[in-house]
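Enquirer: Take a look at the following structure, please.
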Amino acid sequence: MEAVENQSRDPAAHVSRLLIGLARAVAGALLFSIPMLMTMEMWFLGFYMERERLLILLLLNLPLLVCLSHRIGFGRTATWRESARDAVIAYGMGVAASALILLLLGVIKFGVPPREWVGMIALQAVPVRSLPIIDA
């Protein structure tokens, strides 16, 4: 029991568990969202969707992520503040993963106006948001 307490206080072990949880979350999110990332209709929706509607979608996504994080997040959270932190991390990972995959697929190129690629990444980040994974 004492070894478990010492391990939970060790910052290196905490960072290691967090990185493993993040890697699992990215892998799980990409596994289920690759088909949407490869769908041209989703790209075009990011081009043409009204920015107000996109903002509403993104704002409604955050409470959903907080609730998911509180119930089944990266780790056990005791407070809603910790759940909100994990939700922001998950959403940030979704944005980064979306941008990376869209760059690798050649959808986002350097000649594409920022309005278009920001819309694509923002829209794709909603389904790509990292699936909450509980670290054991």
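The values are calculated or read from the model by the stated rules, or taken from the named source; none is laboratory data. This is a predicted model, so every value here is computed, not measured. Positions of Cβ are backbone-derived with ideal geometry, glycine not excepted, and every protein chain shown enters the neighbour counts.
Enquirer: Among the residues of the range 79-116, which ones are of a type in the set (Ser, Thr, Tyr) and either in contact with a Pro (Cβ under 7 Å, 6 or more places away or on another chain) or not in a helix (DSSP H, G or I) (or both)?
Expert: Across the range 79-116, the qualifying residue is only 79.
Enquirer: Select, from 74, 32, the only residue that is part of a helix (DSSP H, G or I) and modelled with pLDDT under 80.
Expert: Residue meeting the stated conditions: 32.
Enquirer: Also: Quick one: residue 119 ticks every box in (1) part of a helix (DSSP H, G or I); (2) more than 19 Å from residue 14 (Cβ to Cβ); (3) without any contact (Cβ under 8 Å) to a residue 24 or more places away in the chain bar one, so which box is it?
Expert: In the conditions (1) part of a helix (DSSP H, G or I); (2) more than 19 Å from residue 14 (Cβ to Cβ); (3) without any contact (Cβ under 8 Å) to a residue 24 or more places away in the chain, residue 119 misses (3) alone.
Enquirer: Let me ask something additional. Can you tell me which residues in the range 36-50 are out of contact with any helix residue (DSSP H, G or I) (no Cβ under 8 Å at 6 or more places or on another chain) and closer than 17 Å to residue 99 by Cβ?
Expert: Hits for the range 36-50 are 38, 39.
Enquirer: Looking only at the range 75-116, which residues are free of Cβ contacts under 8 Å to residues at least 24 places away in the same chain and under 14 Å from residue 37 (Cα atoms)?
Expert: Within the range 75-116, 96, 99, 100, 103, 104, 106, 108 meet the criteria.
Enquirer: Does residue 81 satisfy being of a type in the set (Lys, Arg) and exposed (fewer than 12 other Cβ atoms within 10 Å of the Cβ)?
Expert: For residue 81, the condition - of a type in the set (Lys, Arg) and exposed (fewer than 12 other Cβ atoms within 10 Å of the Cβ) - is met.
Enquirer: Name, by its number, the condition in (1) modelled with pLDDT of 85 or more; (2) more than 15 Å from the chain's Cα centre (by Cα) that does not hold for residue 82.
Expert: Here residue 82 meets the rest and fails (1).
Enquirer: If I filter the range 20-42 for residues that are touching a Lys or Arg at 6+ places or on another chain (Cβ under 8 Å), surrounded by 14 or more Cβ atoms within 10 Å (Cβ to Cβ) and not hydrophobic (A, V, I, L, M, F, W, C), do I get at least one hit?
Expert: no
Enquirer: Quickly run through the range 84-99 and pick out the residues that are of a type in the set (A, V, I, L, M) and surrounded by 15 or more Cβ atoms within 10 Å (Cβ to Cβ).
Expert: Residues satisfying the conditions are 84, 87, 89, 90, 93, 95, 96, 97, 99.
Enquirer: Of the numbered conditions (1) closer than 20 Å to residue 33 by Cα; (2) out of contact with any helix residue (DSSP H, G or I) (no Cβ under 9 Å at 6 or more places or on another chain); (3) of a type outside the set (A, V, I, L, M, F, W, C), residue 53 fails exactly one; give the number of that condition.
Expert: Status for residue 53: all satisfied but (1).
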